[in-house]
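Encoded as structure tokens, the structure appears first; notes follow it.
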Amino acid sequence: MSFFISDALAQGEAAASAGGSFMALLPLILFAVIFYFLLIRPQAKRQKEHRKMVESLAKGDEIITVGGMAGSINEIGENFAQVQIAEGVQVKVRRSAVESILPKGTLKEL
């Protein structure tokens, strides 16, 4: 009779260890979810907004580049834009190097 009792105890311990392994993985799963919502998702959103802004660049837009140069776009190509940073001074920059578009007339105030 005692050998039936030991089998029942062994089955109960196996079920408890299966639940324990899930509980051991729970912190890792929670960490991955928190990591996604705090780091990956906001970065993807910023990249999407920047890509949309770069695609909407047009001639005459006043911009600031990642390097800090401010100017207005004279010519725009598929990958590069020609930016006038001073009277008679023009530079070519990659479209992806544009950090932000300024409101019209901002360069006159600088």
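The values are calculated or read from the model by the stated rules, or taken from the named source; none is laboratory data. These numbers were taken from a predicted model, which means no experiment stands behind them. Cβ atoms come from the backbone with ideal geometry, glycine included; neighbour counts cover every protein chain shown. Each accessible area value is taken on the protein alone, full model and side chains, heavy atoms only, with ligands, DNA and RNA left out. Shrake-Rupley method; radii C 1.70, N 1.55, O 1.52, S 1.80 Å.
Would you please give the residues with an amide H less than 5 Å from that of PHE80, counting only those at least 5 places away or on a separate chain, with H modeled from the backbone geometry?
ARG95
Restricting the calculation to Cα positions, tell me the Rg (one decimal) and the Dmax (whole number) of the range 36-90 in Å.
14.2, 48
Roughly what would the spin-label model give for LEU110 and LEU39, points 7 Å off Cα along C-beta, in nm?
3.4
State the extension gain, in nm to one decimal, for the chain segment bounded by SER72 and GLN84, taking 0.36 nm per residue of separation less the distance between their alpha-carbons.
Numbers: separation 12, 0.36 × 12 = 4.32 nm, distance 0.54 nm.
Between SER72 and GLN84, full extension yields 3.8 nm more.
Could you work out what % of the accessible surface of the range 29-99 is carbon and sulfur, using a 1.4 angstrom probe and leaving DNA, RNA and ligands out of the count? Write out the running numbers ahead of the final one.
On the way: 2970 of 5170 Å².
Result for the range 29-99: 57 percent of the exposed heavy-atom area is carbon or sulfur.
Which GluC sites (Glu not before Pro) in the range 51-93 sit in a loop by DSSP (not H, G, I, E or B) and have at most 11 other Cβ atoms within 10 Å of their own Cβ? Walk me through the intermediate numbers first.
Details: sites: GLU55, GLU62, GLU75, GLU78, GLU87; in loops: GLU78, GLU87.
Listed in order of number, the matching sites are GLU78, GLU87.
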